[in-house]
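Comments concern the structure below.
The values are calculated or read from the model by the stated rules, or taken from the named source; none is laboratory data. Bear in mind that the values here come from a model prediction, so they are computed numbers and not experimental data. FYI the Cβ positions are ideal-geometry reconstructions off the backbone, even for glycines, and counts take in every protein chain you see.
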Amino acid sequence: MDDKLTGILEYFSLSARVFQAGLLCHSAGFDEGDGLGYIHVLRAGTLRIKMPGKTQINLDEPSLFFSVNPTTHYLHPATAGSDLVCASFDFGLGLNSPLVQALPEIMVLKLKETPSLNAALQLLFSEAQDDCSGQQSLLDRLIEVVIIQLLRELIDQKHLQTGLLAGLAEPRLAKAITAIHKEPAKPWTLNDLADVAGMSRARFATKFRETVGTTPGHYLTNWRISVAQSLLRRGKSLQLIADAVGYANASALSRAFTARIGTSPAIWRKKHISTPT
């Protein structure tokens, strides 16, 4: 089974934390300096969302506000309060995550226009109303499900015209992109990827660049370096990472990593290392 999202989430795992579940009766602010994305799901009431230098967003019916990039914003509920579930989230590498780079800064969707989210949202709202043991953990998992289903919705309904998710929404391109995600160590050539997509070399190169916004070769390199970053955070050795992402040795990976990121893997690791696995 060729899963369009699992190959990404395997390396850039989603982590979310619900901090508001129920009636919000006061204004609340969030600073882009925290480096997190935010999702606010309005179940009932009205909500005004203000962002410095941007047009105010008015939510007057059940809606979802999704800010994947860290964005300073302020919530102003209705006088009687607004029924909300709010959470912060990230995809493991912050702004360097391929998913973050693939999404627009702000998205607003009406819940009536996203029926694929209904089942998960109903479970989320139901749990938010209870006060049972394990509630926080369950709410966190449920909002993660909602976010993953939102990503699926964006792909299946072709909400985006360019970028990674737009590429995954095109069946032939999706085959090639998924193959890259699944086997980053494979010595892919343009002809190989065109064959996977079932397209001519020239047509594949043009369609890929027009849809994804970069060349297949550049996307492959970016994906390999992004995976290398993810594995560095997990404490993996440089040689193991080189083998995993298709470089002949640690030195070759180090050169490519430095050219792409602007710093060596060793220096980058010191700033971002997590518990070794």
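Of all the residues that make up the range 66-115, how many are surrounded by fewer than 16 Cβ atoms within 10 Å (Cβ to Cβ) and out of contact with any Leu (no Cβ under 9 Å at 6 or more places or on another chain)?
7
Which of the residues belonging to the range 31-43 are touching a Pro at 6+ places or on another chain (Cβ under 9 Å) and part of a strand (DSSP E or B)?
Of everything in the range 31-43, those that are touching a Pro at 6+ places or on another chain (Cβ under 9 Å) and part of a strand (DSSP E or B) turn out to be Gly37, Tyr38, Val41, Leu42, Arg43.
Taking Ile39 and the conditions (1) at pLDDT 90 or above; (2) surrounded by fewer than 19 Cβ atoms within 10 Å (Cβ to Cβ), which numbered condition does it fall short on, given that it satisfies the others?
If we test Ile39 against (1) at pLDDT 90 or above; (2) surrounded by fewer than 19 Cβ atoms within 10 Å (Cβ to Cβ), just (2) comes out false.
Taking the range 64-118 on its own, how many of its residues are assigned to a loop (DSSP other than H, G, I, E, B), among the polar types (S, T, N, Q) and modelled with pLDDT of 85 or more?
The number of residues fulfilling the criteria is 3.
Return the only residue of Leu238, Leu231 being hydrophobic (A, V, I, L, M, F, W, C) and closer than 24 Å to Leu103 by Cα.
Numbers: Leu238 fails: closer than 24 Å to Leu103 by Cα.
After ruling out the rest, the residue left standing is Leu231.
Sort out which residues of the range 6-46 are in contact with a His (Cβ under 7 Å, 6 or more places away or on another chain), among the hydrophobic types (A, V, I, L, M, F, W, C) and closer than 15 Å to Cys86 by Cβ, and write them in order of number.
If the condition is that a residue be in contact with a His (Cβ under 7 Å, 6 or more places away or on another chain), among the hydrophobic types (A, V, I, L, M, F, W, C) and closer than 15 Å to Cys86 by Cβ, then Phe30 is the only one that fits.
Would you check if Leu231 is modelled with pLDDT of 95 or more, hydrophobic (A, V, I, L, M, F, W, C) and on the phi < 0 side of the Ramachandran plot?
Against the criterion (modelled with pLDDT of 95 or more, hydrophobic (A, V, I, L, M, F, W, C) and on the phi < 0 side of the Ramachandran plot), Leu231 does not qualify.
Please return the ranges of helices (runs of 4 or more DSSP H) entirely within the range 119-185 where 3 or more residues are polar (S, T, N, Q), outside the structural domain of Tyr219 (by TED's automatic domain parsing) and more than 21 Å from Pro104 (Cα to Cα).
In the range 119-185, the matching helices (runs of 4 or more DSSP H) lie at 135-156.
Across the range 1-30, which residue is surrounded by the fewest Cβ atoms within 10 Å (Cβ to Cβ) among those that are assigned to a helix (DSSP H, G or I) and of a type outside the set (A, V, I, L, M)?
Filtering the range 1-30 for residues that are assigned to a helix (DSSP H, G or I) and of a type outside the set (A, V, I, L, M), the one surrounded by the fewest Cβ atoms within 10 Å (Cβ to Cβ) comes out as Thr6.
Please name all residue pairs, on different chains or six or more residues apart, with Cβ atoms under 6 Å, provided the first residue is in the range 102-122 and is free of Cβ contacts under 8 Å to residues at least 40 places away in the same chain and the second residue is of a type outside the set (Phe, Trp, Tyr).
Glu105/Asn69; Ala120/Val145; Ala120/Val146; Ala120/Gln149
Of all residues in the range 1-53, which are touching a strand residue (DSSP E or B) at 6+ places or on another chain (Cβ under 8 Å), hydroxyl-bearing (Ser, Thr, Tyr) and free of Cβ contacts under 8 Å to residues at least 40 places away in the same chain?
Within the range 1-53, Thr46 is the sole residue that qualifies.
Got at least one residue in the range 188-208 being small (Gly, Ala, Ser), without any contact (Cβ under 8 Å) to a residue 60 or more places away in the chain and in contact with a Gly (Cβ under 7 Å, 6 or more places away or on another chain)?
No: the range 188-208 contains no residue that is small (Gly, Ala, Ser), without any contact (Cβ under 8 Å) to a residue 60 or more places away in the chain and in contact with a Gly (Cβ under 7 Å, 6 or more places away or on another chain).
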